[in-house]
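Notes follow once the structure below has been shown.
The values are calculated or read from the model by the stated rules, or taken from the named source; none is laboratory data. Because the structure is a prediction, the values reported are computed rather than measured. When we count neighbours, we look across all protein chains shown, and the Cβ atoms used for this are built from the backbone with ideal geometry, even at glycine.
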Amino acid sequence: MPNAVAPDDVTLYYEETGEGRAIIFVHEFAGDMRAWEPQMRHFGRRYRCVSYNARGYPPSDVPPAGQYSQEIARDDIIAVMDAAGIEKAHIVGLSMGGFAALHFGITHGNRAHSITVAGCGYGAEPEKREQFREETAATAKLIEEDGAQAFAEAYSMGPTRVQFLNKNPRGFQEFKEQLAEHSTDGAARTMLGVQRERPSLFELQEQMAKITTPTLVLTGDEDWPCLLPGIMMKQAIPTAALAVMPNCGHTINIEDPQAFNAIVDRFLAEVDAGTWPTRDPRAMASSILGLKN
C-alpha cells in the first residue's frame, strides 16, 4: 500500500496508474478516491494519475480534531506529491478538493502545471456565510449522533445531487453506499475543521489575482452555490477559463464523466502544448461596447 506521511505524521493512502505528466485528483467531502475512477481510467492512458484519500478517510489516518483545516488540506497535496516523487503536476479537485486545488494554486503555484477548480463555492457568498456555518455544524452533529448510514441517506439527497440520481440511479446508489462507509469521526471532524472554517472565496480575490498557473473553473449549471463564485473566480484569476456543464449538479465527475473528461482533456492538452492564454487586460474594460468617451 503506497502511503504519504504529512508533516504532522498523518498517513495518507494513495494509488496511481499510467505514465507521463502527473495529475493529482483531490476528492470532495462526500466522496473519496474511488469517485475518481472514471478519470483514473480515462486520463491514465496518457498521464501518470494519482488519487488519494484525504485525512479522515480510511485507509488514510483519522487524526483527532485540531488536525483538520483548509491549509492542512492544501499542504496534504504536497505530501502526496513528495511521497510519489512528483515535482510538478496538474491538480484536479472537486468541491472540497476544488477548494484545496485553488489554495494550492495560490500558495504552491510553482508546483502546478495547472489547477482545475471544479464544483467550488459552497458557503462562499458573503450573505450565505452564517447559513453555511450553521448547516455544517448541524451536519457534523447528524454524523456524530445518527451515524454514517443516516447521514448518507440525508446528505446524498441534497438539491445539487438529485440530478445524479435522476440520470443514473445505479451510479447514484454506488455513490451513496460508499458515502455510508466513511468514518463518522473523520467526516465530522472534516466538516467542522475544513468545511466550516475555510475562508470565503470572496475574501481571496486579491490572492487569486496573483495566480499565474493555468486555471479551469468548472461547474454544473444546477450547482447553484457554485455558479456566482465560479463567475467571480473567472473574473479574479487572469489565467482562468470558466466551463459550465448543462443540466448538471454538484457531482459532475461521476454524474457526467464523459463531458467532464472531455472538458478537462482539452484544457490539459492546451496547457501541455503551451498555448493556454493569460487574459488580455482589454477584456476587462469598463465599457460595454468598447467605445471611448
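A compact table of results
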item	result
Of the criteria (1) of a type outside the set (Lys, Arg); (2) in contact (Cβ under 8 Å) with a residue 40 or more places away in the chain; (3) out of contact with any helix residue (DSSP H, G or I) (no Cβ under 8 Å at 6 or more places or on another chain); (4) closer than 25 Å to residue 173 by Cβ, which one residue 249 fails	(3)
Candidates 60, 51 - the one that is small (Gly, Ala, Ser), outside any strand (DSSP E or B), crowded, with 23+ Cβ neighbours inside 10 Å and at pLDDT 95 or above	60
Any helices (runs of 4 or more DSSP H) falling wholly within region 130-249 and containing at least 3 residues that are among the β-branched types (Val, Ile, Thr) and either under 28 Å from residue 104 (Cα atoms) or modelled with pLDDT under 95 (or both)	none
Filtered residue count, region 250-293, keeping only those that are modelled with pLDDT under 95 and of a type in the set (A, V, I, L, M)	6
Residues of region 252-282 satisfying the condition of being without any contact (Cβ under 8 Å) to a residue 60 or more places away in the chain, in a helix (DSSP H, G or I) and either within 22 Å of residue 236 (Cβ to Cβ) or among the hydrophobic types (A, V, I, L, M, F, W, C) (or both)	259, 262, 263, 269, 270, 273, 281, 282
Qualifying residue in region 119-129 (condition: in a helix (DSSP H, G or I), in contact with a strand residue (DSSP E or B) (Cβ under 8 Å, 6 or more places away or on another chain), crowded, with 20+ Cβ neighbours inside 10 Å and at pLDDT 95 or above)	no
Looking only at region 191-207, and only at residues there that are surrounded by fewer than 22 Cβ atoms within 10 Å (Cβ to Cβ) and aliphatic (A, V, I, L, M), the one that is nearest to residue 274 (Cα to Cα)	204
Single unsatisfied condition, residue 123 versus (1) out of contact with any Phe, Trp or Tyr (no Cβ under 7 Å at 6 or more places or on another chain); (2) more than 17 Å from residue 27 (Cβ to Cβ)	(1)
Neighbours by Cβ (under 9 Å, 6+ apart or cross-chain): first from region 137-159, on the phi > 0 side of the Ramachandran plot; second modelled with pLDDT of 95 or more and not in a loop (DSSP other than H, G, I, E, B)	147/180; 147/184
Filter result for residue 2 (farther than 27 Å from residue 199 by Cβ and touching a helix residue (DSSP H, G or I) at 6+ places or on another chain (Cβ under 6 Å))	no
Tally of residues being surrounded by fewer than 14 Cβ atoms within 10 Å (Cβ to Cβ) and either within 11 Å of residue 30 (Cβ to Cβ) or under 19 Å from the mean Cα position of the chain (by Cα) (or both) across region 155-188	2
Positions within region 7-38 being part of a loop (DSSP other than H, G, I, E, B), crowded, with 22+ Cβ neighbours inside 10 Å and either among the aliphatic types (A, V, I, L, M) or without any contact (Cβ under 8 Å) to a residue 60 or more places away in the chain (or both), in sequence order	30
Options 77, 86, 91: the member that is surrounded by fewer than 24 Cβ atoms within 10 Å (Cβ to Cβ), touching a helix residue (DSSP H, G or I) at 6+ places or on another chain (Cβ under 9 Å) and of a type in the set (A, V, I, L, M, F, W, C)	86
